[in-house]
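First up is the structure itself, then whatever we jot down about it.
The values are calculated or read from the model by the stated rules, or taken from the named source; none is laboratory data. This one's a predicted model, so the numbers in the text were calculated from it and none came from an experiment. Note: ideal-geometry Cβ built from the backbone for every residue, glycine included; neighbour counts use all protein chains shown. Accessible surface areas use protein heavy atoms only, side chains included; no ligands, DNA or RNA. Shrake-Rupley method; radii C 1.70, N 1.55, O 1.52, S 1.80 Å.
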Amino acid sequence: MEPLVKVNDLSKSFESSGEIFQVFEELSFSLAQNSATALIGESGSGKTTLINILAGLEPPSSGMVMIARNEIWNYREPDRARFRLKNMAVIFQQYNLIPSLNVSSNISLHSQLIDNWDQSFQDELIKLFGLKNLLMKYPEEISGGQQQRVAIARSVLTKPKILLADEPTGNLDEENTMSVLKAFEMLLERCKSTILVATHSKSVASKIKSKLILESGRAKK
Amino acid sequence: MKHWFRKPLQFLFLIMGLSLATALWSSIQLLNSQAKNSYEDAVKILTEYETEIIISKKNNLIPIESFAKLRRAGWLVTPILEGKLPSQNSITILGIEPISISESNGLLNGLFGNGEKLKEFVIKKNVGFAAQETINSLGKLPLGLQMSVNESLLTNVLITDISKAEKILGHQGLISRFELTGPAPNNRQILEKLDLRLVHSNSQADLEQLTESFHLNLSAFGLLGFIVGLFIVYSTLNLAFEQRKTTYMALRSIGVPVRTVYTSTLIEILVLALTGGVIGIFLGHWLASSLFPDVAATLNHIYGANLGNQLVLSMREIFLALLMPVLGSLLISTNFILKLHKMAPQNLNALVAGSKLYHNKIKLKLSTALILMGLTFVLTTSSVGLFKSFFIIGLTIIIAATLLPIILRVGLSLLVSSIKKKLPLLHWFLSDSVHQVNRISLSLNALMLAVAVTIGVDNMVKNFKETFNIWLEKRLITEVYVKVEDQNKAELLINGLHNEHLVKNFYPITSLKISFNNQLTTIVGFKPAEIYIKNWPLVKSNEQTWKEVQNGKGVLINEQFFYKYGLGIGDIIKLDSLLNPEKKVRYQIVGIYPDYGNRLGQIMMNIHSFQEYYSKDIPLNFALEIDPRSYDSVSEMLLNKYGLLDVEIINQSTIKEFSTQIFDRTFAITNALSDSMIVVATLTILTTLITLSEIRLANLTPLWVLGIPRITLLKFELAQFLMLILITLFLAIPTGLLICHFLTSYLNVAAFGWKLPFQFYPLIWIQTLLIASLGSLIAILFPSILMFKNSPALMIRRYKNDS
Ligand SMILES: Nc1ncnc2c1ncn2[C@@H]1O[C@H](COP(=O)(O)OP(=O)(O)OP(=O)(O)O)[C@@H](O)[C@H]1O
Ligand SMILES: [Mg+2]
């Protein structure tokens, strides 16, 4: 089967104060549909940068990103955004939530926007992440780890074709980390999703067989 | 401090907001004090000092013996001899009697200053006072006077001892008039005996009232400007520091002592406020200077005085002008430090979302507003003085400012719950708006207040003008008025006008001032003829009104009298008869009439009653009923046949034109100021939005990450501001009307003793709203576009690195 994500010769460099800093160079890899991959690399190796590029949030310096046969960096910005809305879910380390909506609305917003909302799935996720008592609260009123779980629940609820997660378990304890992995499994089983998780966590990495390692600007499978 | 170097634009706007607020306030205040000074200068004109004077019935000079007779009868008077210098016609010489004139306060106070000069004047007898310019033009005329410079005198006025003046003018033993230095006794028989009559220099009193209303207007405006300015300062600084909470928290967490953080904050805020304030003073000075020609024109027009065109910044003005930003910054620092103090480190995120505390505060605010409303209501029910009216207006503004965010929040929250899940984006939009209200409520308040004040004041001015015109129309019942100075002419008129075919009818009017309850009150005698019954405006009357006036038992009172003594229709008043001191005359009040531009209480009675009990003097005023088209021939007849002077004939339309002109000029400044207030308020919105744009970015980026195109977000952003501002502007209408109501029904009554009937002028509101909306639209567009101009990648980086 054709891979869902194909990356060819992807390079990214930043220019800051006149100097060019190369994060990675001619990166090529692919992610099969309905698979989970752990993105591993030391701090500063470019994990976040790669996820941003895949999500269509930050342009690459050169190279090609193909997602479900869409070359996203050839799109105009609004189209790329719509593509992301429909097909992807992105989880960041921080600040995923919309401050003006309460937890309940935050969880359901994305899936409602794409008309993909499923009450029973939502209840299931709320139970899984232990968010029941937080539903009426606002993001500012809950802890970092709780915010993280809300963001993950929201992303999973959209049943995305591709889920990109940047250190989703950074703020979570062991038990919750297990819940996150469980939710990812649900996606893999029920929705045939493709998942890429950037992580430092040994336990997360050990649970995911396929690995993508970023090392001195190169990718290793 | 480094913060500002990283965000120069924000800094610029912060300073701009501060300085504009200061500029607005200081220019109003500058104009106000300048106008006051100028007016006081104008009043220094000795000859025009408001006073009661006694002159000869025949307009002759008065023998000096009358002086002693009057004093003996208990009249506090001082003799004055006035005339043109024989050798130099342009100079007026005023001879005064220093001992008796020094009994009066005010009159000549500036002249003698301390007792030394008075002593010199009394002993030497040959001292003359004049302004330097006058002395120069006197040159070496052989007057035998030792000149002393006094710049408080008008040019071309020379003051000296009365005996010296007698010699120079060649009027031995004669004087021109007496001026009263104390209240006139009610027994006036002595005047009859000496063939004298008491006159009030009315014109001056009228002028004074006009200025007073002018000042009151500016003062009220100054107060409102101060409050609006305070809001602007507060909101500007508030936002700037709200953003930096995290920095402060971080400083605290790395062990910088709390006190250092607080003092440095305080110092920084003060420095900012003072910088903005000083720039603001310059701006304000500039604004005031550009408006001042108008003010000067107004005052010159009213007083015929020549005001300088120069505005002077005094220490007092600078101090007052800086008071506002400093007060505002102190308020904000206290508030800010309290907030920092309460904030636990884990609540850091609070700054992104707007504070949670706000939720709890809403009840507190609502109850505060309700309590204040109750207070206002209680205040309005009891009698209202000048200070209280200002206080009520201030309260109204505070209440409106407290209620605005509550109304916005509650309204939007209701909408949110009604649409819930069906339309997720709309749901987000409204919820977000609720949060946005918290952040920009202060600047929305500034805008609302500015617009409300403008609407209120404009509505009042328009109201005033319209009422005034209608009133003039009604009150000037005939085409021509004649006001003569001496009784010979009056007698000629009374005997001759009957036979003039051009004059359909004529109505004598006479008046004098008496003291009622120890206060000066005017009594007017008139002929209650058909034309009065048809036209004379009355605010309260009954069927018996005119019948009672005609039979002499009833009188009409003006509104001022009504508010002063609380005497209304049906009440009985007893007045001392002036011609027969033992007798008290009983009248019943049968009607109340509006009497704008007058401060004294007034009683109108049948002229027969007037002549029986108060004065047998021949009336000097006449209303002539003529065919409007024959005005020219009538005035020609009056000039030629009766020897009247031009100034003694008053055309109805001339009065109207003159009144309207004075009126328009007086309020031209108010208009200019209220317009600049709106401009400043929209600029505050701009400042706020620019300051806010970073917080906004943090709020919008999660949506962009989800996949909402930025252009959609931009549209939402614009729609949101527009919605909030439109609601705000809409709420400004009732607030403005309330302010107008208090201005017309309380402040006016307290200050002038009459009430303006309240009217609505929706056109003015719409006009003001349009200006404000247009300004706001520009203010919204600029920062929103600025915010979205950045490349999307920068957006996410920025937002992730922020805080
Ligand atoms: N806007 C930028 N300008 C310049 N350099 C940048 C920028 N963003 C990232 N970098 C650099 O690119 C490199 C990769 O950053 P990135 O955030 O992708 O690392 P990471 O692998 O996610 O690290 P971590 O595990 O600590 O999150 C870093 O060395 C960083 O300094
Ligand atoms: Mg990272």
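Toward the positive end of the charge dipole of the stretch B:53-199, about the Cα centre and with charges on Cβ (Lys, Arg +1; Asp, Glu -1), which of B:G128, B:Q88, B:I53 goes farthest?
B:I53
Report the relative contact order of chain A, percent, no decimals, based on alpha-carbon pairs under 8 angstrom and at least 6 residues apart.
Numbers: 404 pairs, mean separation 65.1, N = 221.
Relative CO of chain A lands at 29 percent.
Using a 1.4 angstrom probe on heavy atoms only, work out the carbon and sulfur share of the accessible area of the stretch B:53-199 in %. Don't skip to the end; give the middle numbers.
Working: 3600 of 6850 Å².
Carbon and sulfur atoms account for 53 percent of the accessible area of the stretch B:53-199.
If I stretch the segment between B:A68 and B:N517 completely, what's the gain in nm (0.36 nm per residue apart, minus their alpha carbon distance), one decimal?
Details: separation 449, 0.36 × 449 = 161.64 nm, distance 2.90 nm.
Contour length minus Cα-Cα distance gives 158.7 nm.
Can you tell me, using C-alpha contacts under 8 Å and at least 6 residues apart, the relative contact order of the stretch B:53-199 as a whole percent?
Numbers: 255 pairs, mean separation 60.2, N = 147.
Across the stretch B:53-199, relative contact order equals 41 percent.
Taking the Cβ of B:K583 as the center, what net charge do the other residues with Cβ under 13 Å away carry, scoring Lys and Arg +1 and Asp and Glu -1? If you can, show how the numbers build up before the last one.
Numbers: positive: B:K574, B:K584, B:R586; negative: B:D576, B:E582, B:E612.
Local net charge: 0.
Under 5 Å between amide hydrogens, which residues at least 5 positions from A:L10 or on another chain qualify, with H placed 1.01 Å from N in the peptide plane?
A:E26, A:L27, A:S28, A:M64
If I stretch the segment between B:N136 and B:Q189 completely, what's the gain in nm (0.36 nm per residue apart, minus their alpha carbon distance), one decimal? Each step should come with its number before you reach the end.
On the way: separation 53, 0.36 × 53 = 19.08 nm, distance 4.64 nm.
Roughly 14.4 nm would be gained on extension.
Treating the beta-carbon of each Lys and Arg as +1 and of each Asp and Glu as -1, no other charges, what is the dipole magnitude of chain A about its Cα centre, to the nearest 20 debye? If you can, show how the numbers build up before the last one.
Numbers: 26 positive and 25 negative charges, 130 e Å.
The dipole magnitude comes to about 620 debye.
Within 10 Å of each Cβ of A:50-62, how many other protein chain Cβ atoms are there on average?
Values: counts 0, 0, 5, 1, 0, 3, 3, 8, 7, 3, 0, 0, 0.
Average neighbour count from other chains, rounded to a whole number: 2.
Cβ neighbours within 10 Å, averaged per peptide: list B:709-717, B:11-19 in order, most packed at the top. Before the final figure, lay out each step's value.
Values: B:709-717: 17.6, B:11-19: 22.1.
With the highest mean Cβ count within 10 Å placed first, the list reads B:11-19, B:709-717.
Using 1/(1 + (r/R0)^6) with R0 = 35 angstrom and r between the beta carbons of B:L492 and B:N89, what's the FRET efficiency to the nearest 0.05?
0.70
So for the pair B:E151, B:L375, with labels modelled 7 Å out along Cα→Cβ, what separation do we get in nm?
4.6 nm
What are the ³J(HN,Hα) couplings of the stretch B:695-707, residue after residue, when phi is run through the Karplus curve with 6.51, -1.76, 1.60 and θ = phi - 60°? Round to Hz, x for glycine and proline.
Here the 3J(HN,Hα) series is 4, 4, 4, 5, 7, 8, 4, x, 6, 5, 4, 4, x Hz.
List the trypsin sites (Lys or Arg not before Pro) in the stretch A:54-110 that DSSP assigns to loop (not H, G, I, E or B) and whose Cβ has at most 12 other Cβ atoms within 10 Å. Which are they?
Qualifying residues, ordered by number: A:R69, A:R76.
How far apart, in nm, are the 7 Å Cα→Cβ label points at B:Q588 and B:L414?
Modelled inter-label distance: 5.4 nm.
Quickly work out the B:D571-to-A:H200 label distance, labels modelled 7 Å from Cα along the C-beta direction, and quote it in nm with one decimal.
Label at A:H200, label at B:D571, 8.6 nm between them.
Calculate the dipole size of the stretch B:485-643 relative to its Cα centre from +1 charges on Lys and Arg beta carbons and -1 charges on Asp and Glu beta carbons; express the result in debye to the nearest 20.
Working: 17 positive and 18 negative charges, 102 e Å.
That gives the stretch B:485-643 a dipole magnitude of about 500 debye.
Considering every residue in A:110-123, what mean count of other chain Cβ atoms within 10 Å of its Cβ is obtained? Don't jump to the answer; show the numbers that get you there.
On the way: counts 5, 1, 7, 7, 3, 1, 0, 2, 0, 0, 0, 0, 0, 0.
Counting Cβ atoms of other protein chains within 10 Å of each residue's Cβ and averaging gives 2.
Is the shape of the stretch B:53-199 best called rounded, prolate or oblate, per the rule: a/c under 1.5 gives rounded, else a/b larger than b/c gives prolate, else oblate, with a ≥ b ≥ c the square roots of the Cα gyration tensor eigenvalues?
Values: a/c = 2.21, a/b = 1.57, b/c = 1.40.
It comes out prolate by the Cα gyration axes.
For A:E58, which sequence-distant residues (separation of 5 or more, or a different chain) have an amide H within less than 5 Å of its own amide H, given hydrogens modelled in the peptide plane?
A:I53
Quick one: length gained pulling B:R475 to B:I771 fully straight, 0.36 nm per residue minus the C-alpha distance?
Details: separation 296, 0.36 × 296 = 106.56 nm, distance 3.72 nm.
Gain in length upon complete extension: 102.8 nm.
Could you please state how large a percent of the accessible area of the stretch B:485-643 is carbon and sulfur, counting protein chains only and using a 1.4 Å probe?
Numbers: 3400 of 7370 Å².
On the stretch B:485-643, the fraction of accessible area on carbon and sulfur atoms equals 46 percent.
Solvent-accessible area of B:Y565, probe 1.4 Å, all protein chains present, reported in Å² to the nearest ten, please.
The accessible area comes out at roughly 50 Å².
Could you give me D for the stretch B:485-643, from Stokes-Einstein at 37 °C and 0.692 mPa s, where the hydrodynamic radius is the Kirkwood radius over C-alpha pairs? Units µm² s⁻¹, please. Before the final figure, lay out each step's value.
Details: Rh = 16.8 Å.
The estimated diffusion coefficient comes to 195 µm²/s.
What accessible area per residue, rounded to a whole number of Å², is obtained for the stretch B:53-199 using a probe radius of 1.4 Å? Display every interim value, and only then the final one.
On the way: 6850 Å² over 147 residues.
Each residue of the stretch B:53-199 exposes 47 Å² on average to a 1.4 Å probe.
Across peptide A:140-153, what mean number of C-beta atoms from other chains lies inside 10 Å of a residue's C-beta? Walk me through the numbers on the way to the answer.
On the way: counts 11, 6, 1, 2, 3, 0, 0, 1, 0, 0, 0, 1, 0, 0.
For this peptide, the per-residue mean of nearby foreign Cβ atoms is 2.
Grab the beta carbon distance between B:V271 and A:S17, set R0 = 30 Å, and tell me the FRET efficiency rounded to 0.05. Walk me through the intermediate numbers first.
Numbers: r = 31 Å, r/R0 = 1.04.
Calculated transfer efficiency: 0.45.
Report which residues of the stretch B:701-730 become buried by 40 Å² or more of accessible surface when going from the isolated chain to the complete set of protein chains (1.4 Å probe; DNA, RNA and ligands ignored).
For the stretch B:701-730, once contacts with the other chains are taken into account, B:P702, B:W704, B:V705, B:L706, B:G707, B:P709 lose 40 Å² or more.
How much accessible area is lost when chains B and A come together, counting both sides, with a 1.4 Å probe, in Å² rounded to the nearest 100?
Working: alone 36050 and 11170 Å², together 44110 Å².
When B and A are taken together, about 3100 Å² of accessible area is lost.
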